[in-house]
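Novice: First, the structure itself, so that you have it in front of you.
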Amino acid sequence: MNAKQNWDLIIKPKASWHKLHLGEIMRYKDLLFLFVKRDFVALYKQTILGPLWFFLQPIITAITFTVIFGNLAHIPTDGVPQVLFYLSGITLWNYFSDTLTKTSDTFTANANIFGKVYFPRMIVPLSVVFSNLLKMGVQFFLFILVWVYYLMRSDQIHPNSVLLLVPFLIILMGLLGLAFGVIISSLTTKYRDLKFLVVFGVQLLMYASPIVYPLSMVPQKYKWIILANPTTSIIETFKYAFLGVGEFNWMHLAYSLVFTIIFLIIGLIIFNKVERSFMDSV
């Protein structure tokens, strides 16, 4: 064979674990689209109610929070109608938690596919981010309907110019879920116990976020603990934008942004390193 023959594609091991080769993802964008379509369509394909679950999940959760935390525990909602207050937190939180939970199982759930065909492994967690974004869009539409209803009937809601930051908040929440998810998915190839702690950990993190309670009711000496949670300022800014309540602080939002960027870079590096040899341990 001619040694000088030019090949269209040469498959070879990656030279170094810190080289992310993100440009490959663009070449596989059609595969990314197919994974997104698969995740979104197949989620409720064999269920009776189908896509209605996209609406029912936040509605049932908001009603449950209203009964337990609002009516029984009498936790204040800063003067905002309870259902609207809880929906404003649930909308973003569901996107974060679903993204984290599903991406955290990337290697173990897709070991059969990864062992048979090559494609950039990051395509799988990215498809989860985008498919959950579609689901989040449906739930966000539900929130907007409820928000408009109360906006027309109540003078307790005061939307403001911070609404312009909403697309940024949604993107930031998705990237934060991706960052945590790829780190956990990389670690679970060796430490399987983490898989059982993810759902429990996400539940605990929710109660460390201002979803069922306003940040204003947290005692000042403990507030720094809640603010150390990077989802806190994102949720608070979202509430402030639509409801006019909550705390909007550029420094707190900048902390969440820097936190997300740092952990996303760490997650990508760890993910890239693990994918080179994970088939030996899964």
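Novice: So LEU197 passes all but one of these: (1) in contact with a helix residue (DSSP H, G or I) (Cβ under 7 Å, 6 or more places away or on another chain); (2) assigned to a helix (DSSP H, G or I). Which condition number does it fail?
Specialist: (1)
Novice: Collect the residues in the stretch 97-136 that are of a type in the set (Asp, Glu) and under 13 Å from GLY174 (Cα atoms), keeping them in residue-number order.
Specialist: Answer for the stretch 97-136, where residues must be of a type in the set (Asp, Glu) and under 13 Å from GLY174 (Cα atoms): just ASP98.
Novice: Can you report the number of residues in the stretch 206-241 which are in a helix (DSSP H, G or I), within 22 Å of VAL83 (Cβ to Cβ), of a type outside the set (Ser, Thr, Tyr) and within 20 Å of the chain's Cα centre (by Cα)?
Specialist: 7
Novice: Something else now. In the stretch 59-68, is there at least one residue being farther than 23 Å from THR101 by Cβ, of a type outside the set (D, E, K, R) and either at pLDDT 75 or above or surrounded by 15 or more Cβ atoms within 10 Å (Cβ to Cβ) (or both)?
Specialist: Yes - at least one qualifying residue is present in the stretch 59-68.
Novice: Check TYR149 against each of (1) under 30 Å from LEU84 (Cα atoms); (2) at pLDDT below 90 and name the one condition it does not meet.
Specialist: (2)
Novice: Kindly establish whether TRP93 is of a type in the set (Phe, Trp, Tyr), modelled with pLDDT under 90 and surrounded by 12 or more Cβ atoms within 10 Å (Cβ to Cβ).
Specialist: Here the answer is no, as TRP93 does not meet what is asked.
Novice: Would you tally the residues in the stretch 144-163 being free of Cβ contacts under 8 Å to residues at least 24 places away in the same chain and in a helix (DSSP H, G or I)?
Specialist: Number of matching residues: 8.
Novice: Restrict the check to the stretch 75-84 and report whether at least one residue is among the acidic types (Asp, Glu) and either surrounded by fewer than 18 Cβ atoms within 10 Å (Cβ to Cβ) or without any contact (Cβ under 8 Å) to a residue 60 or more places away in the chain (or both).
Specialist: Within the stretch 75-84, one or more residues are among the acidic types (Asp, Glu) and either surrounded by fewer than 18 Cβ atoms within 10 Å (Cβ to Cβ) or without any contact (Cβ under 8 Å) to a residue 60 or more places away in the chain (or both).
Novice: Would you confirm, using the coordinates I've provided, whether THR237 is touching a helix residue (DSSP H, G or I) at 6+ places or on another chain (Cβ under 7 Å), modelled with pLDDT of 90 or more, buried (at least 21 other Cβ atoms within 10 Å of the Cβ) and polar (S, T, N, Q)?
Specialist: yes
Novice: Looking at PHE141, PHE55, PHE107 in this structure, which one is assigned to a helix (DSSP H, G or I), modelled with pLDDT under 90 and surrounded by fewer than 16 Cβ atoms within 10 Å (Cβ to Cβ)?
Specialist: PHE55
Novice: Moving on. Answer with yes or no whether LEU253 is part of a helix (DSSP H, G or I), closer than 27 Å to PHE143 by Cα and in contact with a His (Cβ under 9 Å, 6 or more places away or on another chain).
Specialist: no
Novice: Separate question: Within the stretch 110-122, restricting attention to residues that are of a type in the set (A, V, I, L, M) and over 16 Å from the mean Cα position of the chain (by Cα), which residue is surrounded by the most Cβ atoms within 10 Å (Cβ to Cβ)?
Specialist: Among those that are of a type in the set (A, V, I, L, M) and over 16 Å from the mean Cα position of the chain (by Cα), it is ALA111.
Novice: Another question, if that's okay. Considering each residue of the stretch 110-138, count those that are among the aliphatic types (A, V, I, L, M), within 14 Å of PHE271 (Cβ to Cβ) and not in a helix (DSSP H, G or I), and give that number.
Specialist: Of the residues in the stretch 110-138, 1 are among the aliphatic types (A, V, I, L, M), within 14 Å of PHE271 (Cβ to Cβ) and not in a helix (DSSP H, G or I).
The values are calculated or read from the model by the stated rules, or taken from the named source; none is laboratory data. A quick note: this is a predicted structure, and the numbers were derived from the prediction, not measured. Note that we place each Cβ from the backbone using ideal geometry, even for glycine, and neighbour counts take in every protein chain shown.
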